[in-house]
There are 2 protein chains.
Amino acid sequence: MSYKKISAEEAARLLKDNDVIGFSGFTAAGCPKAVTIELAKIAEEAHAAGKSFKVGYYTGASTGDSIDGALSRAHAIKFRSPYQSNGDMRKELNNRDAHYFDLHLSELQQYLRYGFLQKPDWAILEACDITDDGKIYLTSAVGIAPTVAHLADRIIIELNKYHPKELAGIHDIYEPADPPVRREIPVYKPSDRIGLPYIQVDPAKIVGIVETDLPNEVGAFSPSDEVTNQIGRNVAEFLSREMKAGRIPASFLPVQSGVGNVANAVLGAMGANKDIPPFEIYTEVIQDSVVTLMKEGNVKFASGCSLTLSTPALEAIYNNLSEFRGKLLLRSQEISNSPEIARRLGLISINTALEADIFGNINSTHVLGTKMMNGIGGSGDFCRNAYLSIFTAPSTAKDGKISAIVPMVSHLDHSEHSVKILITEHGIADLRGKSPIQRTEAIINNCVDPQYKGLLKDYLNLGQKGHTPQNMAAALAFHDTFNKKGDMRLTDWSVYK
Amino acid sequence: MSYKKISAEEAARLLKDNDVIGFSGFTAAGCPKAVTIELAKIAEEAHAAGKSFKVGYYTGASTGDSIDGALSRAHAIKFRSPYQSNGDMRKELNNRDAHYFDLHLSELQQYLRYGFLQKPDWAILEACDITDDGKIYLTSAVGIAPTVAHLADRIIIELNKYHPKELAGIHDIYEPADPPVRREIPVYKPSDRIGLPYIQVDPAKIVGIVETDLPNEVGAFSPSDEVTNQIGRNVAEFLSREMKAGRIPASFLPVQSGVGNVANAVLGAMGANKDIPPFEIYTEVIQDSVVTLMKEGNVKFASGCSLTLSTPALEAIYNNLSEFRGKLLLRSQEISNSPEIARRLGLISINTALEADIFGNINSTHVLGTKMMNGIGGSGDFCRNAYLSIFTAPSTAKDGKISAIVPMVSHLDHSEHSVKILITEHGIADLRGKSPIQRTEAIINNCVDPQYKGLLKDYLNLGQKGHTPQNMAAALAFHDTFNKKGDMRLTDWSVYK
């Protein structure tokens, strides 16, 4: 190989204060893991010496702890975009020590190309293979890698032997031209391949190769429980009813599913439901449940942006690549999350809400309206453009002290217009074709926990009028009461006049 | 002609209580005007006799008074979707006497085809011509006409001689197939023609022709004033700077512009700015200013869903159809407002906010969070998918008693992620790549009226923490204060703890 082999520390020493980096990866899958650990040490040294050292960076979505965790603990982040899910980073950005700008994941690549965001100086990419003429084969995710590889002047490769070179061919790398000469993205079914299996760069831009063999830092999701399983069964039951009513084609439609334990429970229940035929997945994160369903024959094909799998599930694929190669495809996030494709394919989109309100608006990001949890991720790309957009949530949290369904969401990520069906463990609210007041009835009667039904019905009788009868004095009383008394059930409407 | 000629009253008598209708038109342009006047009378007769008589209906957007006004005054509306802008209808739906479900205009046609909304029994369409084999030539708008013509079992045509038959050819009628067999919508520039100049239906479905010669009921917008003109100049100045910085191509990009006097002022200022080259329009409503700019050579082509023009402007086109035919195209709203096309063409999207908040969220619809003004219209289709999404608003209303910029919008239609630039008469806030707290600085410093700057800065110092420092006790205090004291300037933060 003609590239210079360097250590992770040597690579990190190339970077300077205020530099801007673009990383490969999407979730902990496919992210570099070695250079940023050293970069965090360099930042700590600089800070100890009274010098400033911070970098700005773009990722596909969340990362492993080696990026977001290490750089947060070193207070080395100037700005960061988009999605994250790291505990230390969450502290950093909720303290506003790092500037975080969240956005719909499909938009990041084009905004970088349009020049709307600061150009990355560096691309740091994890690869399973690289050729002397600049063909980079990624590992278990794509994210924004093609775009930052093209935009950055200098590239560092983490060549990771944990990921077999035989992964080559599982990626479909396609970067659209920009307006005014953009054409259609020619994906007409989840398995359509439209690009190349590698990223092509000028080999002169590659300043060094860092060899590693580190596995992905994919954490475990909370296990399913009776509540998430019941939500899953409700989703499957609803979809089955829609098929019988002729509102979903008998051949079914591709499924997009969010991330986490509710999503795993939903997919599991769909696989178990005999009315739902084997289906295809067009999503961003391919989770363990997808691999299970594939083995059982319930999922025919999965197109995503990352293999965000537990080590056993990932190794099961790596040990059977010849079997899985024809059933999996990884794309960059402007294609996996493309509004054009979501609408054309007619995705059945299933995402999880942190909070919903009685009018059908969704908060996916902000705990009690102020603290960032993770980020909006791809939920907006999908729900807005889906054939049918479903949001799920457990009806309560913190032993009932928090109702997931409130008079007004404390932060709004997905408006009433992007939310067709709301499902909790208690039941299904079909919001299609309903006026705001009709939606309140559907949601309170079907989705709200019994201990909150009375409070929410009383809210609607505080004297407010209008098409959407919110009360400006009382709309956020659930949150204010929780902040002051630690329990939304203690909301006293007479205080909010 | 082989169809049965009937009077408007005979046509209206065919409709029954609870029937569902789909209308042609988009805004007052292209809507039927005769049958619904008679239908309102029939409803009033029935009500006087103690009988129920209500219809449900779908339109493209708002209508003339003959539909929304007449049927509202007759209390004859069971449900109504989507956009409206009629004073009597506003009363009806804010009293919740009619169920109104608002949605992104691009979605209505596919939701009707998917079976998500009640099937229309009737299509009532205004046409300038019809052939014996069922080719319907529309008038000055398309809206949802092709879809309701195909779905309804029975069709009534208002054949309107006010509109010349020579309009034929100005419409481009294309209805996409539905998932899982949908293909790309093959529009690559605003002038691309992809369909037929007429709607083809089974002539047996046409139950009667009502002949009319009624002009469109297009109302006048408020004239421009110094505030709207300054907003227009700020938009033009911003776009000129973006071109110079290389963030908008030198050939410019197609423009989508909202409806009303601010939109007219913005387009006027763009035409007057020497740095902005002649450009194309890809929008929903083609207003007077577009025709003016076209005559001056500043607009090269306009694709829209309607010619929402004053009588002199419409007649200027009708009298010069040979000249305008090559410069105008009318499409149905799932194409004029298509997310796929908006993103591919790279629209510069300019829409008006009713209210914005210091974090960059937009309320387009609800006065003080409760009363529906008009509806979300196409603003969400465009701003979410635009190359660059700009929102404009006068900084205050009601002689300063209302600030258009508040701590938290009282209703959220477009989230922080769909809003890149906010412009008032005071200046320009560029929100790209900014964290929430950075956005508050940009907006307060550049866009807020001086008499509200102190109040908004003080809001951020009420002790709240977090990534988005909202205060659940005080976030809606501007609105609550206005409701109680009639002036947001009287907000006293010490009351909201």
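Among beta bridges from DSSP that stay inside the stretch B:84-239, the antiparallel ones total about 35%. If you wrap the tightest convex hull around every Cα atom of the stretch B:251-331 and split its volume per residue, you get 84 Å³. Shown for the stretch A:260-390 is the translational diffusion coefficient from the Stokes-Einstein equation, using the Kirkwood radius over Cα pairs, a temperature of 4 °C and a viscosity of 1.567 mPa s: 82 µm²/s.
Rounded to the nearest 0.05, what FRET efficiency do B:Arg183 and B:Lys244 give with R0 = 30 Å and r taken as the Cβ-Cβ distance? Could you check?
Efficiency at R0 = 30 Å is approximately 0.15.
Where does the stretch B:226-490 land on Rg(C-alpha)/(2.2 N^0.38 Å)? Before the final figure, lay out the partial values.
Numbers: Rg = 18.9 Å, N = 265, 2.2 N^0.38 = 18.3 Å.
The reported ratio for this selection is 1.03.
With both bridge residues required to lie in the protein assembly as shown, what share of the DSSP beta bridges run antiparallel, to the nearest 5%? In the protein assembly as shown, approximately 25 percent of DSSP beta bridges are antiparallel ones.
Under 10 °C and 1.306 mPa s, how fast does the stretch B:8-212 diffuse according to Stokes-Einstein, given a Kirkwood radius computed over C-alpha pairs? Answer in µm²/s, whole number. Kindly include the intermediate steps, with their values, before the conclusion.
Numbers: Rh = 17.2 Å.
Using the Kirkwood radius from Cα pairs, D works out to 92 µm²/s.
The simple spin-label model puts a point 7 Å past each Cα toward its Cβ; for B:Asn320 and B:Lys497 those points are separated by 6.8 nm.
Per residue, the average separation of C-alpha pairs within less than 8 Å and at least 6 apart gives the stretch A:220-312 a relative contact order of 27 percent. Remark: mean inter-chain Cβ contacts per residue of B:471-484 equal 5, using a 10 Å Cβ-Cβ cutoff to other protein chain atoms. Fraction of C-alpha pairs exceeding 16 angstrom in the stretch A:406-454: 40 percent, rounded to a whole number.
Charging the Cβ of each Asp and Glu at -1 and of each Lys and Arg at +1, and nothing else, the dipole of the stretch B:361-431 about its Cα centre rounds to 180 debye.
Roughly how tilted is helix A:226-244, in degrees to the nearest 10 and between 0 and 90, from the longest Cα axis of chain A? Tilt relative to chain A: about 80 degrees.
For chain A, what is the relative contact order in percent, using Cα pairs closer than 8 Å and at least 6 residues apart in sequence? Value for chain A: 13 percent. Working note: 222 nm ellipticity from helices only, DSSP H runs with n ≥ 4, each -39,500 (n - 2.57), summed and divided by the residues of chain A, gives -8000 deg cm²/dmol to the nearest 500.
What are the residues of the stretch A:421-439 that lose 30 Å² or more of accessible area, with a 1.4 Å probe, going from their chain alone to all protein chains? Buried-area filter returns A:Arg432, A:Gly433, A:Ser435, A:Ile437, A:Gln438. Helix B:261-272 and the longest principal axis of the C-alpha atoms of chain B enclose an angle of approximately 80°.
Quote the total accessible area buried by chains B and A together, excluding ligands, DNA and RNA, probe 1.4 Å, nearest 100 Å².
Working: alone 19130 and 19130 Å², together 31320 Å².
Counting protein atoms only, the buried area is about 6900 Å².
Using alpha carbons only, the radius of gyration of the stretch A:337-435 set against its Kirkwood radius gives Rg/Rh = 0.96. The residues of the stretch B:74-99 listed by number as losing at least 40 Å² of accessible area in the complex, against the isolated chain and with a 1.4 Å probe, are B:Arg96, B:His99. Only one residue of B:Ile341, B:Leu321, B:Leu354 has its Cα farthest out toward the positive end of the dipole of the stretch B:320-359, where Lys and Arg carry +1 and Asp and Glu -1 on Cβ, and that residue is B:Leu321.
What size of dipole, in debye to the nearest 20, comes out for the protein assembly as shown about its Cα centre when the only charges are +1 on Lys and Arg C-beta atoms and -1 on Asp and Glu C-beta atoms?
Working: 104 positive and 116 negative charges, 129 e Å.
Here the protein assembly as shown has a charge dipole of around 620 debye.
Straight-line cross-link reach from B:Lys91 at under 12 Å between alpha-carbon atoms covers these aspartates and glutamates, not counting any fewer than eight positions away in the same chain: B:Asp68.
With R₀ set to 41 Å, the beta-carbon distance separating B:Asn18 from B:Arg193 gives a calculated FRET efficiency near 0.55.
How large is the accessible surface per residue of the protein assembly as shown, computed with a 1.4 Å probe and reported in Å² as a whole number? If you can, show how the numbers build up before the last one.
Numbers: 31320 Å² over 994 residues.
For the protein assembly as shown, the per-residue accessible area is 32 Å².
Around A:Asn95, under 12 Å between beta carbons, what's the net of Lys plus Arg minus Asp minus Glu among the other residues? Result for the neighbourhood of A:Asn95: +2. Expressed as a fraction of 2.2 N^0.38 Å, the C-alpha radius of gyration for chain B is 1.00.
How far, in degrees from 0 to 90, does helix B:450-459 lean away from the longest principal axis of the Cα atoms of chain B, to the nearest 10? Compared with the principal axis, the helix lies near 70 degrees. Only the Cβ atoms of Lys and Arg (+1) and of Asp and Glu (-1) were treated as charged; on that basis the dipole of chain A about its Cα centre amounts to roughly 1080 debye.
May I ask what percent, to the nearest 5, of DSSP beta bridges between residues of the stretch B:352-497 are antiparallel?
On the way: 10 of 16 bridges.
Taking every DSSP beta bridge within the stretch B:352-497, about 60 percent pair in antiparallel fashion.
Calculated translational diffusion coefficient of the stretch B:1-99 (20 °C, 1.002 mPa s; Stokes-Einstein with Kirkwood radius over alpha-carbon pairs) equals 159 µm²/s.
In the neighborhood of B:Pro190, defined by Cβ-to-Cβ distances under 12 Å, what is the net charge if each Lys or Arg adds +1 and each Asp or Glu adds -1?
Value of the local net charge: +3.
Using R0 = 41 Å, the C-beta based FRET efficiency linking A:Lys274 and B:Gln438 works out to 0.20. Think of the protein assembly as shown as having a plus end and a minus end, set by charges on the Cβ of Lys, Arg, Asp and Glu; of A:Ser191, A:Val448, B:Ala152, A:Val448 sits farthest toward the positive end of this dipole. Shape analysis of the protein assembly as shown yields a ratio of the Cα radius of gyration to the Kirkwood radius, Rg/Rh, of 0.96. Placing a label point 7 Å from Cα along the Cα-to-Cβ axis, B:Glu211 is separated from the same position in the other copies by 9.0 nm, shortest listed first.
For B:Tyr282, A:Tyr137, write out the residues from largest to smallest accessible area, computed with a 1.4 angstrom probe and no ligands counted.
Details: B:Tyr282 0, A:Tyr137 35 Å².
If we order B:Tyr282, A:Tyr137 from most to least accessible, we get A:Tyr137, B:Tyr282.
The values are calculated or read from the model by the stated rules, or taken from the named source; none is laboratory data. Only a predicted model underlies this, so the values are computations on that prediction, with no experimental measurement involved. Counting neighbours? That spans all protein chains shown, and the Cβs are built from the backbone with ideal geometry, glycine included. Surface areas here come from the heavy atoms of the whole protein model, side chains and all, with no ligands, DNA or RNA. Shrake-Rupley method; radii C 1.70, N 1.55, O 1.52, S 1.80 Å.
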